[in-house]
Amino acid sequence: MNASEVSAASDVAARRAAAVSATVDRIRAIEAREGVTRPTLEKIRAELLKLAAQEQLFPSSQFPPPPNGEKGSNRYLLQEDAGNRFALYLNALNPGNETKPHDHTTWAVVVAVDGQELNKVYERLDNGSDPNRCELRVREEIMVEPGRGICLMPEDIHSIHTTGSVPTRHLHMYGLALEKLDDRKAYDPATGTVTAYNRNFMKPTVGAKG
Ligand SMILES: [Fe+2]
């Protein structure tokens with residue numbers, strides 16, 4: 001980058017930090033006022049959709065996916081409160097990725113700056129009494145794409161599938177930072193097994209603190 005490009009990039013970073021901070025201030029207030037319910041998460045989604053609509057704050061040059069179309073995600077930490085609360089990440093994935101069905105054990109809201117990510121949300125048919133077994137079926141499919149997001153309660157189970165033609169740049173907000181969640185589970189709808197969800201997946205790849 002030449003000097004004027006460096007200056008422009010730092011200007012975008014400053015405007016992004018201000019917009020992120022103001023958005024999280026409003027989200028923090030919503031949760032404090034109303035607790036964690038589906039209607040609360042819909043209000044949080046509305047705040048994140050307004051942030052994601054400012055595409056110029058999240059340029060692909062600053063938030064690239066893994067190089068050469070590789071699998072996996074680049075996860076950029078945008079902001080996190082003390083105590084690891086209200087963690088906001090930008091996830092950049094190439095088309096062709098997917099995850100196993102999993103839970104989060106904290107609330108989550110995901111919206112798109114760019115790119116498409118098909119979310120399958122599962123309904124649990126068993127009563128959860130056996131910690132190693134499950135019976136699932138797809139309840140709903142939601143395409144997270146610009147203008148559209150998804151809200152997940154702590155116990156909700158979803159899988160993601162980046163089916164679009166361009167890399168994703170999606171904002172993921174969690175009630176508690178991913179690296180603090182140590183009891184997440186992966187669910188296999190075909191075999192009915194429940195296993196620990198891959199912890200490596202939870203570490204931010206870029207921008208992690210400490
Ligand atoms: Fe997830």
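A few points about this structure:
- A Förster distance of 22 Å, applied to the separation of the beta-carbon atoms of M1 and S60, puts the FRET efficiency at 0.90.
- Extended-chain gain in nm, criterion 0.36 nm per residue less alpha-carbon gap, V36 and D81: 14.5 nm
- Surface per residue (accessible, 1.4 Å probe) for the range 1-136, Å²: 47 Å²
- If R0 equals 25 Å, the separation of the Cβ atoms of D182 and K100 corresponds to a calculated FRET efficiency of about 0.90.
- In degrees, nearest ten, helix 38-52 long axis to first principal axis of the chain (Cα): 30 degrees
- Surrounding net charge for C134, when Lys and Arg each add one and Asp and Glu each subtract one, Cβ distance under 9 Å: -1
- Overall, the accessible surface of the chain at a probe of 1.4 angstrom is composed of carbon and sulfur to the extent of 51 percent.
- About its Cα centre, the chain has a charge dipole of approximately 280 debye under the convention of +1 per Lys or Arg Cβ and -1 per Asp or Glu Cβ, with nothing else charged.
- Three-way shape call for the range 1-155 based on the alpha-carbon gyration tensor, with the a/c threshold at 1.5: oblate
- Helix 3-34 axis versus longest C-alpha principal axis of the chain: approximately 40°, rounded to the nearest ten.
- Helices in the chain, meaning DSSP H runs of at least 4 residues, each add -39500 (n - 2.57). Divided by all residues, the mean residue ellipticity at 222 nm is -8000 deg cm²/dmol.
- Residue (of G128, P64, N94) at the positive-pole extreme of the chain, dipole from beta-carbon charges: P64
The values are calculated or read from the model by the stated rules, or taken from the named source; none is laboratory data. What you see is a predicted model; the values in this text were computed from it and never measured. So basically every Cβ, Gly included, is an ideal-geometry build from the backbone, and we count neighbours across all protein chains shown. Note: areas computed on protein heavy atoms with side chains; ligands, DNA, RNA excluded. Shrake-Rupley method; radii C 1.70, N 1.55, O 1.52, S 1.80 Å.
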